[in-house]
Amino acid sequence: MELNAKEFVSALKFVMASAGKNDVRYYLNGVAFEVKNSGVTLVGCDGHRGAHVDMKGTIQMPDMTYIVERVDIDTLIKSINKRNTVTLVYGDEGMLSAHIDLDVIALRQIDGKYPDWRKALLPSDELKATEQFGINAKYLAEAAKNCQLLTGKYPAITVKLRGPDAAIQFEPNIDSDYFDCIRSASMVIMPLRQ
């Protein structure tokens, strides 16, 4: 699978902000790569918030979900620096690797089943006007900052609500002049319990 390097790094940084760091649910301490025939969806989640980025790319891999260790994602982000493309390869030995020019970075898999992050996304017919809701201010600030990774020159975010006890969804308004490989992205933050 071949991906635009600049967009891939922005997408990885976007989802890493929501991935677990020292969670006892070890599979949350990485980034899920959901590979389908039309691209890859990157997902990060720590149980209180989540993020996804759906990217289109040239696919020559089987459909799968592969959870990559956080340390390998950090190494990958540092290695891509100003390169044009990244090629993801799923080898015969069952390991995912990233090929950047002559460099090959092994992406170690975390065993486990990643949560169904789509359940937290908001269908348009379930949106509700909400007078107030509680939210972790740190997560809100991080969501605004991370959405800027994908918005281009003029950052704008769409916020979706479906009630005071439901997840709050943030969608960066992706500028296709800057990001032509990213189809969609969102961050979800669970509200504070009252």
* Asked: Has the range 143-151 got at least one residue that is basic (Lys, Arg) and either over 18 Å from Ala17 (Cβ atoms) or more than 18 Å from the chain's Cα centre (by Cα) (or both)?
  -> no
* Structure fact -> Given (1) surrounded by fewer than 23 Cβ atoms within 10 Å (Cβ to Cβ); (2) farther than 16 Å from Trp117 by Cα; (3) touching a helix residue (DSSP H, G or I) at 6+ places or on another chain (Cβ under 9 Å), Gly47 misses just (2)
* When both residues are 6+ apart or on different chains and their Cβ atoms are under 8 Å apart, which pairs have a first residue that lies in the range 77-93 and is over 17 Å from Val40 (Cβ atoms) and touching a residue at least 40 places away in the same chain (Cβ under 8 Å), and a second that is open to solvent by 70 Å² or more (accessible area, probe 1.4 Å) and not in a strand (DSSP E or B)? -> Arg83/Asp101
* Could you list, in sequence order, the residues of the range 34-46 that are in contact with a Leu (Cβ under 9 Å, 6 or more places away or on another chain) and under 17 Å from Ser186 (Cβ atoms)? -> Glu34, Gly39, Val40, Leu42, Gly44, Cys45, Asp46
* Structure fact -> Among Thr65, Thr41, the single one that is surrounded by fewer than 23 Cβ atoms within 10 Å (Cβ to Cβ) and touching a His at 6+ places or on another chain (Cβ under 7 Å) is Thr41
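Answer with yes or no whether Thr75 is among the β-branched types (Val, Ile, Thr), open to solvent by 40 Å² or more (accessible area, probe 1.4 Å) and not in a loop (DSSP other than H, G, I, E, B).
Considered against the rule, which asks whether it is among the β-branched types (Val, Ile, Thr), open to solvent by 40 Å² or more (accessible area, probe 1.4 Å) and not in a loop (DSSP other than H, G, I, E, B), Thr75 comes out as yes.
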* Pick out, from the range 134-194, the strands (runs of 3 or more DSSP E) lying fully within it that include 2 or more residues that are surrounded by 19 or more Cβ atoms within 10 Å (Cβ to Cβ). => 168-172, 182-189
* Structure fact -> (1) open to solvent by 60 Å² or more (accessible area, probe 1.4 Å); (2) closer than 19 Å to Phe14 by Cβ all hold for Thr58 apart from (2)
* To do: Would you check if Lys36 is charged (D, E, K, R) and either closer than 26 Å to Ala141 by Cα or at pLDDT 90 or above (or both)?
  => no
* To do: Can you work out which of the residues in the range 78-104 that are of a type in the set (A, V, I, L, M), open to solvent by 20 Å² or more (accessible area, probe 1.4 Å) and touching a Leu at 6+ places or on another chain (Cβ under 9 Å) is nearest to His48 (Cα to Cα)?
  => Met95
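Within the range 7-36, which residues are open to solvent by 30 Å² or more (accessible area, probe 1.4 Å) and either touching a Cys at 6+ places or on another chain (Cβ under 9 Å) or assigned to a strand (DSSP E or B) (or both)?
Going through the range 7-36, the residues open to solvent by 30 Å² or more (accessible area, probe 1.4 Å) turn out to be 13, 21-27, 36.
Lys36 - this is the single residue of the range 7-36 that is open to solvent by 30 Å² or more (accessible area, probe 1.4 Å) and either touching a Cys at 6+ places or on another chain (Cβ under 9 Å) or assigned to a strand (DSSP E or B) (or both).
The values are calculated or read from the model by the stated rules, or taken from the named source; none is laboratory data. Because the structure is predicted, anything quoted here is derived from the model rather than measured. Ideal geometry is used to build each Cβ from the backbone, glycine not excepted, and the neighbour counts take in all protein chains shown. To get the accessible areas, we keep the full protein, side chains included, count just its heavy atoms, and leave off ligands, DNA and RNA. Shrake-Rupley method; radii C 1.70, N 1.55, O 1.52, S 1.80 Å.
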